[in-house]
1. Tally time: how many residues in the stretch B:137-165 are away from chain A (no Cβ under 12 Å), of a type outside the set (Asp, Glu) and touching a residue at least 40 places away in the same chain (Cβ under 8 Å)?
2. Determine whether the stretch B:65-80 contains at least one residue that is farther than 20 Å from B:PHE188 by Cβ, charged (D, E, K, R) and in a loop (DSSP other than H, G, I, E, B).
3. Just to check your reading of the model, which residue among B:PHE168, B:PHE172, B:PHE109 is of a type in the set (Phe, Trp, Tyr), assigned to a loop (DSSP other than H, G, I, E, B) and either within 25 Å of B:THR234 (Cα to Cα) or touching a residue at least 40 places away in the same chain (Cβ under 8 Å) (or both)?
4. Taking the stretch B:112-122, which residues are assigned to a loop (DSSP other than H, G, I, E, B) and at pLDDT 95 or above?
5. Given the criterion open to solvent by 40 Å² or more (accessible area, probe 1.4 Å), within 20 Å of the chain's Cα centre (by Cα) and within 14 Å of chain A (Cβ to nearest Cβ), identify the matching residue among B:ASP58, B:ASP51.
6. Step by step: first the residues of the stretch A:37-62, then only those that are at the interface with chain B (Cβ under 8 Å from one of its Cβ atoms) and touching a residue at least 40 places away in the same chain (Cβ under 8 Å), then the one that is farthest from the chain's Cα centre (by Cα). Which residue is that?
7. Across the stretch B:90-106, which residue is farthest from the other protein chains (Cβ to nearest Cβ) among those that are part of a loop (DSSP other than H, G, I, E, B) and surrounded by fewer than 23 Cβ atoms within 10 Å (Cβ to Cβ)?
8. Specify which of the listed residues (B:VAL187, B:VAL181) is touching a Phe, Trp or Tyr at 6+ places or on another chain (Cβ under 8 Å), more than 12 Å from chain A (Cβ to nearest Cβ), closer than 30 Å to B:MET103 by Cβ and in contact (Cβ under 8 Å) with a residue 60 or more places away in the chain.
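The values are calculated or read from the model by the stated rules, or taken from the named source; none is laboratory data. All values reported here derive from a predicted model rather than from experimental measurement. In this analysis, Cβ positions are derived from the backbone assuming ideal geometry, glycine residues included, and neighbour counts consider all displayed protein chains. Ligands, DNA and RNA are excluded from the accessible area calculation, which covers all protein heavy atoms including side chains. Shrake-Rupley method; radii C 1.70, N 1.55, O 1.52, S 1.80 Å.
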Amino acid sequence: DLGTGKTSIIKRYVHNLSSMNYKSTIGVDFAQKILQWSPDTLVRLQMWDIAGHEKFGNMTRFYYKEAVGALIVYDVTRSYTFEGVSKWKSDLDQKVTLPEAWGGGPIPVVLLANKCDLNHEGPNTKSDAEISQYCEENGFAKWFKTSAVNNKNIEEAARFLVSEIVKIDQKNDRKENHGYLTNRNDETIKIGSEKEKPSRCC
Amino acid sequence: IKKLVRLGIPESVRGKAWQFMAGVHKYRKKDVFDKLRDKEKLPIYDDIEKDIDRCYPDHIHFREKGFGQEDLFNILKAYAHYDTVVGYCQGMGRLVGMMLMQMPAEDTFWLLVATIEEYMGGYFAPDLPQIKVDSRIFDLLLFEHDPKLAQHFKNEGVDPILYIPKWFLTLFTMVLPWASVLRVWDVFYFEGVKLFFRIGLAILDCTRDYILSHCPSTSEILEFLGSIPHELLTPDLLLDAAFKIKLKRSTIKRMNKKATEKNSGESDKKLKIDGIEFKLIGDNVNK
């Protein structure tokens, strides 16, 4: 949802910047990070930072196009933003699937419980066990407690999501003798986020 | 008048001139702003509040506890009551902040009302119908105006829906240097939303050479469009390019019709409440 810290997470991840002065995202913003994933694999991670405001909700099909992974972000200090998580997850599941070369199916999605530096505890705060169970039941690959301010778990979460994507790619690579991602020795991964829209590949 | 507004309105009368051209006098009612501002909290206030700090974080008046923040919040709250269909949409804060730099809060409220009623009816409505139509129109115009660039964008999957919302919904305040923004607004209140297309095409005219030589693929294009160097879009360069573009109102109208038909089912007509009465407003996009 709006103001959960999607842009801060991306700026931290891509430019290692932290600022309180980001503007609201109108529509969608873009960022790219190039990773030397392994000695022979370069990953071009294309990140689509999607506006959290619900007015932009029906534009998401344009923004999800060709995405192969996603981060969904909620704000631990405002527990009602957790309610938005299911909404965004089902929106993703409805509008985007893995490429046919990968056999289709839902894209890997990672949940980020952001602003954990604020140590917020409220009556509706979810326990770790509750979130883990929620993630398991709702098809999230994993979840992380993150803080863009303290640079906590941002790198780890992104790395995990990319590894999930690369894993799917390599599985298909073996099967079909060429990878959707790796056929050019160069992978472009587009990640989307409601929150941060991670990643697509081409 | 057309020539004069195109040359730029003097700073001292700019706010008054915008209000006059927008027809604020047709909407302004005594005490309404104060009453709406003090009405009960709406759920949308939470969203507005989250955006207040993030409208003009670089501007001293709109930073945390800057005196502009209170005005910004009050105006957006009052507007959410004034037009419950539109309520609040991101981007409106950029318009309000810009207006507040030129005039007091109550004047700003009525200019916001007139701007949305007279010019931007379908832009902030639920599901943003006009932005989708405009993105299609812009695509058609770009193909006529600069086929080479349009084809490059198309090949790379760069659809106008990816950049037009930010340009149009914020009335160019998030893409242009400040001096250019003011000049664009001067002309906007005289010429209406036709100017959106003219300026949009002019931005690409000013940057096409760079894009075609330096932005070979999607990532580079989108990153570039997200933060275009301001020196490429100074008032002289931008407005010169904009006024050279031949763009007929009838062409946009025709394309609007075509694009709207494709968009069928998403009518611009809607029932709205202004706090006092219900009324049906039509499609005044081509004002």
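1. Counting residues in the stretch B:137-165 that are away from chain A (no Cβ under 12 Å), of a type outside the set (Asp, Glu) and touching a residue at least 40 places away in the same chain (Cβ under 8 Å) gives 10.
2. Of the residues in the stretch B:65-80, the ones farther than 20 Å from B:PHE188 by Cβ are B:65-74, B:76-78, B:80.
With the extra rule that they be charged (D, E, K, R), the set shrinks to B:65, B:70-71, B:77.
Next, only the ones that are in a loop (DSSP other than H, G, I, E, B) stay: B:65.
Yes, the stretch B:65-80 contains at least one residue that is farther than 20 Å from B:PHE188 by Cβ, charged (D, E, K, R) and in a loop (DSSP other than H, G, I, E, B).
3. On the way: B:PHE168 fails: assigned to a loop (DSSP other than H, G, I, E, B); B:PHE109 fails: assigned to a loop (DSSP other than H, G, I, E, B).
Result of the check over B:PHE168, B:PHE172, B:PHE109: B:PHE172.
4. Taking the stretch B:112-122 first, the residues assigned to a loop (DSSP other than H, G, I, E, B) are B:120-122.
The answer is B:MET120, and nothing else.
5. On the way: B:ASP51 fails: open to solvent by 40 Å² or more (accessible area, probe 1.4 Å).
On inspection, the qualifying residue turns out to be B:ASP58.
6. Applying the filter and picking the extreme gives A:HIS53.
7. Let us first name the residues in the stretch B:90-106 that are part of a loop (DSSP other than H, G, I, E, B), namely B:90-91, B:101-104.
Of the ones still in play, those that are also surrounded by fewer than 23 Cβ atoms within 10 Å (Cβ to Cβ) are B:101-104.
Working: B:MET101: 16, B:GLN102: 20, B:MET103: 22, B:PRO104: 24 Å.
Only one residue tops the list, namely B:PRO104.
8. Values: B:VAL187 fails: touching a Phe, Trp or Tyr at 6+ places or on another chain (Cβ under 8 Å).
B:VAL181 is the lone residue from the list that is touching a Phe, Trp or Tyr at 6+ places or on another chain (Cβ under 8 Å), more than 12 Å from chain A (Cβ to nearest Cβ), closer than 30 Å to B:MET103 by Cβ and in contact (Cβ under 8 Å) with a residue 60 or more places away in the chain.
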